[in-house]
1. Rounded to a whole number, what % of the accessible area of the chain do carbon and sulfur atoms account for, probe 1.4 Å?
2. Scan around Leu517 for amide H atoms under 5 Å from its own, H built in the peptide plane at 1.01 Å from N, and keep only partners 5 or more places away or cross-chain.
3. What net charge is computed for the residues neighbouring Leu419, neighbours being all others with C-beta under 9 Å from the C-beta of Leu419, Lys and Arg scored +1, Asp and Glu -1?
4. Roughly how many Å² is the accessible area per residue of region 68-142, as a whole number, for a 1.4 Å probe?
5. Per residue, what accessible area does region 318-416 have, given a 1.4 Å probe and all protein chains present, in Å²?
6. How would you rank 506-516, 453-463, 96-106, highest first, on the average number of other Cβ atoms within 10 Å across their residues?
7. What is the local net charge at Ile313, summed over the other residues whose Cβ is closer than 14 Å to its Cβ (Lys, Arg +1; Asp, Glu -1)?
8. To the nearest 500 deg cm²/dmol, what mean residue ellipticity at 222 nm is calculated for the chain from DSSP H runs of n ≥ 4 alone, each contributing -39,500 (n - 2.57), summed and divided by the residues?
Amino acid sequence: MGAAAGRRRLAEAAAAFTSNWRNPNLRRAQLSFLAAWTAEWAFTVALGIVAYKDGGALALGLVGLLRMVPSALLAPLLSPYADRGRRERVLVVVSAVRGVATAVAAATVAVAGPLLLVYALAVLSTIAATLFRPAHSALLPTLCRTGHELASANVVRGLLDSIATLAGPLLAAVLLAFTDVSIVFAVAAAASFGAALLLVGVRYEAPPRPAAPQRPALLREAVEGIRAVAGNRDLLLILGLAAAQSLTRGALTVFSVVVAIELLGTGDPGVGALMAAVGVGAVIGSLAASFLVGTGRLGAWFAAGVALWGLPIALVGVFPQEGAALFLLAFVGTGNALIDVAGFTLIGRLAPDAVLARVFGVLESLVAVSIGLGSILASALIEGFGIRFALLAIGLVCPILAILAWRRLRRLDRSVDVLDLDVALLQEVAMFAPLPLPAIEQLARGLEAVTVPAGEEVFREGDLGDRYYVIESGEADVVGGGRTVATLRRGEGFGEVALLRRSRRTATVLAHSALRLRALGSERFISVVLGYAPSAQAATAAVDYQLDRYAPEERQDEPPAS
């Protein structure tokens with residue numbers, strides 16, 4: 001049994017990667033993310049070295065804070081654009097802006113231009129980078145069909161994020177050994193332009209969204225995203241823990257420079273080496289995280305990832321040797337991989353698609369603020385108490401919070417398990433099969449439990465139709481024209497004719513045995529099913545078939561109401 005379970009887990013892990021590669025849209029979106037985040041990490045290393053040489057640890061912390069504050073303010077205000085139309089177009093614009101800003105920074109450093117201009121360009125690039133992940137995170141569920149596929153996509157993106165975490169600093173370290181920071185900036189700019197080009201070819205069936213208003217109300221739309229988070233305690237918890245992890249991440253941008261140069265004495269290349277160690281652990285962690293696809297413990301793994309972001313940093317203060325630091329920081333990368341898989345999957349499952357980019361925008365705002373605060377806090381603690389005390393103090397924040405949140409995250413796991421069961425039941429219905437994951441989850445969240453004893457009617461021919469039903473267990477007889485024309489079983493639905501034609505029931509449905517049904521209100525059913533062209537076509541075919549089968553003498557030719 002153990003060997004069989006192991007082979008099954010290995011097959012699921014392999015499927016997580018192959019499913020993304022076979023889907024051309026996912027493939028382009030994921031490779032674009034790899035290019036964008038490789039650029040971000042290389043840029044961060046180069047900017048950190050410029051700031052440190054300009055004014056020491058305090059200047060490094062101030063640049064980190066000032067770089068993040070505008071992003072924190074603007075991310076929620078600009079993220080509504082990704083909820084209005086096609087999200088990949090937002091990503092193309094964002095990547096192009098990042099490429100231009102980074103290229104100008106490269107030219108400025110190359111000619112020994114004013115560093116204030118470099119810092120201003122870093123702010124612009126960071127604002128664009130802050131918008132990339134919300135739009136990308138909101139795009140992925142639309143390209144997926146099931147929760148398993150979304151988890152797989154986040155596993156793959158987590159691996160690519162980990163590779164970027166390794167490749168960006170390692171590339172910077174190699175370039176810095178032979179050239180200077182201007183070349184690192186130039187390579188980062190090229191990667192950003194590559195990310196934009198990859199997204200141009202993405203093609204998919206976009207969900208229906210309201211047209212952009214003639215007078216944009218970005219503040220009101222941004223508030224809708226904040227309300228979506230504030231009204232969901234589980235989302236609040238996940239975003240709060242992500243903010244704590246980001247504070248530690250901001251501190252790490254300072255620690256990596258000060259530890260390498262002052263504590264370990266490894267110089268500029270040592271900065272890249274420490275961050276590359278994080279990347280090595282992230283790659284290994286991402287490969288291990290691929291075995292988590294299909295598990296019901298994403299909340300628990302999220303807590304583990306948060307804890308691993310802090311504990312190794314604290315231990316670097318206890319064991320300040322180069323080998324130990326490289327080994328310990330690799331576990332930070334492992335924690336990052338777990339957070340990518342578990343955290344982003346859970347947010348994608350919990351937040352409504354209509355405001356999903358705005359929810360991720362709120363997350364990015366919190367991340368940006370926390371990174372900035374972490375960098376300035378680390379600098380202040382280093383100046384006041386020394387590097388080893390700072391490592392211990394900040395490193396213990398995440399493990400303590402993860403322990404406090406453990407029970408709540410385990411309850412969240414159980415609620416997601418229930419949602420998965422409802423989604424799986426709906427996906428047995430042919431009409432719902434074409435729906436992407438956000439749409440079918442919208443249906444699943446509206447389901448109500450209905451029980452009908454054997455021999456009783458679910459509804460009678462001629463009744464007004466107000467709900468659609470899916471059989472969870474038991475059998476139902478469909479009676480039309482005075483005869484039983486069908487017996488329905490688990491995974492089959494009924495009641496769509498009256499809803500889509502806005503007519504009375506065309507047949508009577510009786511409980512052949514005790515029935516457990518899942519009922520869906522007409523408004524939610526119609527808005528989702530007719531909102532996607534493939535499901536609308538399937539619904540039309542189903543209605544035509546049912547009318548011919550149950551009441552052929554009353555055949556109607558008008559199309560479904562929209």
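The values are calculated or read from the model by the stated rules, or taken from the named source; none is laboratory data. Owing to the predicted nature of the structure, the values given are computational and were not obtained by experimental measurement. For neighbour counting, all protein chains shown are included, and Cβ atoms are generated from backbone atoms with ideal geometry for every residue, glycine included. In case anyone asks, the SASA skips ligands and DNA or RNA and just uses the protein heavy atoms, side chains included. Shrake-Rupley method; radii C 1.70, N 1.55, O 1.52, S 1.80 Å.
1. 64 percent
2. Counting only residues 5 or more places away or on other chains, the set is Val450, Thr451, Val452, Glu472.
3. It works out to a net charge of -2.
4. Each residue of region 68-142 exposes 33 Å² on average to a 1.4 Å probe.
5. The answer is 38 Å² per residue.
6. Working: 506-516: 19.3, 453-463: 14.2, 96-106: 22.8.
Highest-to-lowest ranking by the protection proxy: 96-106, 506-516, 453-463.
7. Values: positive: Arg249, Arg388; negative: none.
That sum, taken over residues with Cβ under 14 Å, equals +2.
8. About -25000 deg cm²/dmol.
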